[in-house]
Structures are given as structure tokens and as C-alpha cells.
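Remarks on the structure that follows.
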Amino acid sequence: MNYFKTGLLLIALTMIFVLIGGYFGGQQGAIYAFIFAFLMNMISYWFSDKIVLMMYGAKEANINEVPELYSIVKDLTNSAQMPMPKVYIAPQNTPNAFATGRSPKHSAVCVTQGILNILDKGELKGVLAHELSHIKNRDTLIMTVAATIAGAITMIANWARWAAIFGGRGNRDRENNGIGMLVMLIVAPIAAMLIQLAISRSREYAADKRGAIMAGTPMGLSHALLKLEKGNKVYPMNANQATAHLFIVNPLSASAIGALFSTHPPIRERVKRLESMVI
């Protein structure tokens, strides 16, 4: 169901892109905006692991220092028949984790020092299974596609806004259609952003479910999410909003970003869905 929903949301993004591109720039303008956004996002996608790990000061873990962490990751990857990712630890006290990389063969799993301090083995296994599910499902690629389309929509709207400010003109029908212009300049980019965030939330639900199956039980992840929610309130992270979607729980406080504009579904709903998997 989550895959179907993600597909529908990507189709909706594409339709908005076609409409706004045709309205302002015609086919040629839409193509140029899409190519530029695609190149920018592909650069980020290709180097995402190095950029994000460096941003949070993560260091590759030594197997002798954290043998249990390595053991859990190795057991899960063997069970899922996927390559062993590199394992990193970020020095933050905030309990959180994320996965990054452009493919299962070029991936990394990172946990904060804070998460190692508060989770037991079963809970840590649930968290790592969730992150490995993101890698196996190629969610980084899905989010790159979504970001490319949403970015192109925003770019076209910005071009049109500046053109209007400096007296740029299209045909008279477009100039006289004030409502249509307002929709394309304001509503379309906001709608694109909301759809992109909805895709991110959908991928979180999918990773929760796949991770619970991979771990053998949903309860480890369920208990971990509740602990992580509390831990993030006690030790808030100074996170970059552009990378918030990577983490297993939203590192940004509720006051900084509303539920509608959140990259993550509510913890309570995630826990409820996980507990419903228990037979």
C-alpha cells in the first residue's frame, strides 16, 4: 500500500510540474528547469553519504570498539541478503540514526552516541533494521526523484515571479488571468513541497514495516521510537532541515515545523501501526 501511495504522489508531482512548466515556460522552459534541478539533485545524491556524514562529524566505527553494533548489522544484512554497509557513529548526545548512500553497494548506516547510550540490543536491532530497509528499498533514489521534480516546480515559479517583477510578459491571456498566475506562483510550489513531504512520510511507514519484518518483531522498533521521541526532547539536535528526512525520528522540534510540514509521521501513529503487526 505504501508503494502504491508513493507512486500516486510521484504522479501528482509530475502533473503539477507539467502544468506549471507549460503555463510559464512552455515545453522548453519546463525541460530546462527539470534538467537543472535533476543535475543539482544528482550531484547531491551521488555524494550524499560523504556530505551528510561530514556534516554531523560522523566517524567510521571500529569493530573492536562496538562489536555488538557490528554484529547486529551483519546479522541483519545476512538475513536480508544485502551488502554490508559501512557503520558510522556521530558524536551527538541526541539519540537518532540515519542511513545514506546511493545504492545498497554504496551505503552507510550511522547511529549517534546518544542512541547507543539508551537503547538495549532488541531496540537497537529494530532501529538498524529500519535503516537497512531504507537502503534495500532504495529510498534515497525515490526521494531524489521527488526532490528533482519539486525543485523544478519551485524553480519555474521563481523564474516567473522575477519575470513579473521586472516586467517580463507572456501572452495577454496569461497576463489577464490573475487567479491562474497566483495559483501557479504560490499554490503549485507549496503543493509540490507538501507532496514531497508526504512521500517522505510514506517511506518511513514502509521502512517501519519492512524493518519490523527484518528484525523478526515490531516491538523492538516500537519501544525504540518512544525512547527516541523522549530523548530528542531532552537532547535536541542542531540539525539541518535539508537532512531531517534522513533520520529515523524528526530531529527538528515540533515548534520549528508543523505536523503538516513534517518529514516524518507522528511517533504515536508509527507505534500504533507497529503494534498492530503483533499476532
Along the stretch 54-68, Karplus-curve 3J(HN,Hα) (6.51, -1.76, 1.60; θ = phi - 60°) to the nearest Hz, with x for Gly and Pro, reads 5, 4, 9, x, 6, 10, 5, 6, 8, 4, 6, 7, 10, x, 5
Hydrodynamic calc, the stretch 36-140: Kirkwood Rh from Cα pairs, then Stokes-Einstein at 37 °C with viscosity 0.692 mPa s, so D in µm² s⁻¹ is 235 µm²/s
Mind scanning Lys136/Lys230; Lys59/Lys272; Lys59/Lys136 and naming the pairs with a C-alpha gap bigger than 31 Å?
-> Lys59/Lys272
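No lab work stands behind these numbers, since they all come straight from the coordinates. Everything numeric here is computed off the predicted structure, so don't read it as measured data.
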